[in-house]
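Presented below is the structure to which this report refers.
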Amino acid sequence: MSKEITSRATDYAQWYNDLVLKGGLADYSAVRGCMIIKPYGFALWEKMRDALDEMFKETGHENAYFPLFIPKSFLSREAAHVEGFAKECAVVTHYRLKNDPDGNGIIVDPEAKLDEELIVRPTSETIIWNTYKTWIQSYRDLPLLINQWANVVRWEMRTRLFLRTTEFLWQEGHTAHASSEEAMAETLTMLNVYADFAENYMAVPVIRGVKSPSERFAGAIDTYCIEALMQDGKALQAGTSHFLGQNFAKAFDVKFSDRENKLDYVWATSWGVSTRLVGALVMAHSDDDGLILPPKIAPVQVVIIPIYKGTEQKEMLDGKGKELALQLKNAGMRVKFDNNDNNRPGWKFAQYELKGVPIRIAMGVRDLENQTLEVARRDTKEKIAIPLEDISARVNGLLKEIQDQMFQKALDFRDNHISRADTWEEFERLLDEKGGFISAHWDGTAESEEAIKEKTKATLRCIPLNNPAEVGVCILSGKPSTQRVLFARAY
RNA sequence: CGGGGCGUAGCGUAGCCCGGUCAUCGCGCCUGGUUUGGGACCAGGAGGUCGCAAGUUCGAAUCUUGCCGCCCCGACCA
């Protein structure tokens, strides 16, 4: 048992913080709301980034980079967009500091006021569509499929490590198309890329759906999302893909000539996932002893710990350990051989459990005499002896098994936490006692949605894709409804 | 911005109510040695403007006032 980590049952929020801080993923910084992503946390993000980047490229996208700063006037071009983001913008007003003539250190030079303020990007639609205007003239320039990896700033009132920070890292895709159909297809393609990534790499099952109008991205016609469920029964929006229609093309006057030489506005999408995914990964799988990382994302998949008495054994095991590490590495695994003599095996066991390394191999003289190794799984804590000659194949197979079982476990949990509610009492009771997603009828009005949120803190997470039609009455208003939608308390 | 905590060594803390050899303890760190199959042990050692500022007092970590910062819960959101 861990000496340091608050248990989930005691305080879920504190458990999460303990894991992030003590697992070495991130630290608080000197800047309120901004965190330091530490090497292990960044390695995790890099694994996610690299996998996603490859998927983006496979679906035809290219990376580019646009400015951190957005002229204030750009942001206000699209009315809904500016309304959505205005309240959380960091604004650059000056470009120079100087020594205070009164001797109080350094001050903003009042002479150095910018004519037009610059907004630190909360998202890049405006600067990008202002650019696309010059890139797009003809249908031959379309589709334009661009992604950028960047940092953005949103001045949130309250922040939480990885889940919501003032500055965060993300990717934002911005595409331009010749038709509504093509843009919609792109929107769904990218939603599926996200879902595929979440489920097959992060082992986090997600529900694909569309947001209600009030939860829509500022400036979008439709916002699609993937919704994940955390162990405490709260939902987390893990990614979004927006169908922007011609809103930004109109705002930035981006037109193209089609085959018939007719001029029309360009159709757009945008889509993004952020470092929030790291938080989702932590909260979806980990336990009271530390992180549990899915093999495909784990920076280290296998750690080898030598166990020895005396220098002679240490030297012998150093050789054997390096040999084994190389063997596993050559078989395609990410391996660490920890022969650091400063810590004893027990300490290392606990440490790598905290860090969530999927497989630990203990190697001592006893094992080598038996021609076996002790292999321990992080997810189940199960220990098995594996013959030396089978080690590569077996460990490789075990990694796949862990990946699959982690997903299956999360899926079972998620599916057990989708409950149907047909009365208001049932709806409230399920939210309070069980949590998770509540599938319930909704009359389709923003008023009911808002009232439900007010009464229960549950938000309409999404209308699942391919949602079956079903006649019913709204859980709150009793008015007619044509389908069930998913509600949950959320991060 | 409202509510609740908190600020003492790198980290976690005791002391504050009742001012006076009180700066406590644990972890970590350094040196040496013994250890190494689930968070080792012994011996020695280094490390502090008690968040900042003013005030009360012979004397302030402790009392008063002001300020700053952080965390948690809520409103806002990926």
Problem - Cβ-Cβ under 7 Å pairs, at least 6 apart or on other chains, the stretch A:443-456 side polar (S, T, N, Q), far side surrounded by 15 or more Cβ atoms within 10 Å (Cβ to Cβ) and part of a helix (DSSP H, G or I) - result: A:Thr456/A:Glu428; A:Thr456/A:Leu431
Practice task
Give the stretch A:325-340 a look and list any residue that's closer than 10 Å to A:Ile304 by Cβ and either touching a Ser or Thr at 6+ places or on another chain (Cβ under 9 Å) or β-branched (Val, Ile, Thr) (or both), or say none.
Solution key: A:Leu328, A:Val335
Practice task
Considering only the stretch A:255-277, state which residues are out of contact with any strand residue (DSSP E or B) (no Cβ under 6 Å at 6 or more places or on another chain) and surrounded by 24 or more Cβ atoms within 10 Å (Cβ to Cβ).
Solution key: A:Leu277
Exercise for the section: Answer yes or no: is there a residue in the stretch A:245-268 that is within 22 Å of the chain's Cα centre (by Cα) and among the hydroxyl-bearing types (Ser, Thr, Tyr). Expected result: no
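Kindly state which helices (runs of 4 or more DSSP H) lie completely within the stretch A:4-85 and contain at least 2 residues that are of a type in the set (D, E, K, R), buried (at least 16 other Cβ atoms within 10 Å of the Cβ) and away from RNA strand B (no atom under 13 Å from the Cβ). Lay out the reasoning, then the answer.
Details: elements: A:12-22, A:39-58, A:72-75, A:79-85.
Ranges flagged: A:39-58.
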Handout entry: Total residues in the stretch A:435-463, condition over 21 Å from A:Gln231 (Cα atoms) and assigned to a strand (DSSP E or B)
Key = 3
Problem - Unmet criterion (only one of (1) assigned by TED's automatic domain parsing to the domain that holds A:Met190; (2) part of a loop (DSSP other than H, G, I, E, B)) for A:Val278 - result: (2)
Handout entry: Selection count where residues are under 21 Å from A:Asn466 (Cα atoms), open to solvent by less than 30 Å² (accessible area, probe 1.4 Å) and out of contact with any Phe, Trp or Tyr (no Cβ under 7 Å at 6 or more places or on another chain), scope the stretch A:218-237
Key = 4
Problem - Every pair of residues 6+ apart whose Cβ atoms lie under 7 Å, when the first sits in the stretch A:341-369 and is closer than 26 Å to A:Asp18 by Cα and open to solvent by less than 30 Å² (accessible area, probe 1.4 Å) while the second is part of a helix (DSSP H, G or I) and more than 6 Å from RNA strand B (Cβ to nearest atom) - result: A:Leu354/A:Lys22; A:Pro358/A:Leu399; A:Pro358/A:Ile402; A:Ile359/A:Val395; A:Ile359/A:Leu398; A:Ile359/A:Leu399; A:Arg360/A:Tyr352
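Those residues that are surrounded by fewer than 19 Cβ atoms within 10 Å (Cβ to Cβ) and either in contact with a His (Cβ under 6 Å, 6 or more places away or on another chain) or touching a residue at least 24 places away in the same chain (Cβ under 8 Å) (or both), I need them from the stretch A:153-165; list them, please. Spell out the reasoning first.
Pass one, the stretch A:153-165, residues surrounded by fewer than 19 Cβ atoms within 10 Å (Cβ to Cβ): A:155-158, A:160, A:164.
Across the stretch A:153-165, the qualifying residues are A:Trp155, A:Glu156, A:Arg160, A:Arg164.
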Handout entry: Residues being open to solvent by less than 10 Å² (accessible area, probe 1.4 Å) and near RNA strand B (Cβ under 9 Å from one of its atoms) - total across the stretch A:167-211
Key = 1
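Within the group A:Ile361, A:Ile292, which residue is within 23 Å of A:Met230 (Cα to Cα) and either within 12 Å of RNA strand B (Cβ to nearest atom) or assigned to a loop (DSSP other than H, G, I, E, B) (or both)?
Details: A:Ile361 fails: within 23 Å of A:Met230 (Cα to Cα).
Criteria check complete, one pass: A:Ile292.
Of everything in the stretch A:445-491, what is of a type in the set (S, T, N, Q) and within 30 Å of A:Arg160 (Cα to Cα)? Give them in sequence order.
Once the filter is applied, which keeps residues that are of a type in the set (S, T, N, Q) and within 30 Å of A:Arg160 (Cα to Cα), the stretch A:445-491 yields A:Ser448, A:Thr456, A:Thr459.
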Handout entry: Of residues in the stretch A:62-76 being touching a helix residue (DSSP H, G or I) at 6+ places or on another chain (Cβ under 7 Å) and hydrophobic (A, V, I, L, M, F, W, C), the one farthest from A:Cys89 (Cα to Cα)
Key = A:Phe66
Practice task
Looking only at the stretch A:374-392, decide whether some residue is surrounded by fewer than 18 Cβ atoms within 10 Å (Cβ to Cβ), of a type in the set (Asp, Glu) and either part of a loop (DSSP other than H, G, I, E, B) or within 13 Å of RNA strand B (Cβ to nearest atom) (or both).
Solution key: yes
Handout entry: Residue list for the stretch A:317-336, restricted to those being within 15 Å of RNA strand B (Cβ to nearest atom) and either outside the structural domain of A:Ser392 (by TED's automatic domain parsing) or within 15 Å of A:Leu373 (Cβ to Cβ) (or both)
Key = A:Leu317, A:Lys320, A:Gly321, A:Leu324
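Among the listed residues A:Ala298, A:Ala268, A:Ala249, which satisfies the condition of being away from RNA strand B (no atom under 16 Å from the Cβ), touching a helix residue (DSSP H, G or I) at 6+ places or on another chain (Cβ under 8 Å) and part of a loop (DSSP other than H, G, I, E, B)?
Working: A:Ala268 fails: part of a loop (DSSP other than H, G, I, E, B); A:Ala249 fails: part of a loop (DSSP other than H, G, I, E, B).
Residue meeting the stated conditions: A:Ala298.
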Completion exercise
Within the stretch A:406-421, residues open to solvent by 80 Å² or more (accessible area, probe 1.4 Å) and either assigned by TED's automatic domain parsing to the domain that holds A:Cys474 or farther than 16 Å from A:Tyr201 by Cα (or both) come out as A:Asn416, A:Arg420
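Applying the selection to the stretch A:115-131, what residues are exposed (fewer than 14 other Cβ atoms within 10 Å of the Cβ) and either more than 30 Å from A:Lys255 (Cβ to Cβ) or in contact with a Pro (Cβ under 8 Å, 6 or more places away or on another chain) (or both)?
Let us first name the residues in the stretch A:115-131 that are exposed (fewer than 14 other Cβ atoms within 10 Å of the Cβ), namely A:115-116.
Residue satisfying the conditions is A:Glu116 alone.
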Problem - Verdict on A:Ala150 being assigned by TED's automatic domain parsing to the domain that holds A:Asp18, buried (at least 21 other Cβ atoms within 10 Å of the Cβ) and in contact with a strand residue (DSSP E or B) (Cβ under 8 Å, 6 or more places away or on another chain) - result: no
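So, in the stretch A:301-323, of the ones that are assigned to a helix (DSSP H, G or I) and open to solvent by less than 10 Å² (accessible area, probe 1.4 Å), which residue ends up farthest from A:Asp50 (Cα to Cα)?
Per the criteria, the residue is A:Leu317.
The values are calculated or read from the model by the stated rules, or taken from the named source; none is laboratory data. If you're wondering where the values come from, they're calculated on a predicted model, not measured in any experiment. For neighbour counting, all protein chains shown are included, and Cβ atoms are generated from backbone atoms with ideal geometry for every residue, glycine included. When the accessible area is computed, the model is the full protein with side chains, heavy atoms only, and any ligands, DNA or RNA have been set aside. Shrake-Rupley method; radii C 1.70, N 1.55, O 1.52, S 1.80 Å.
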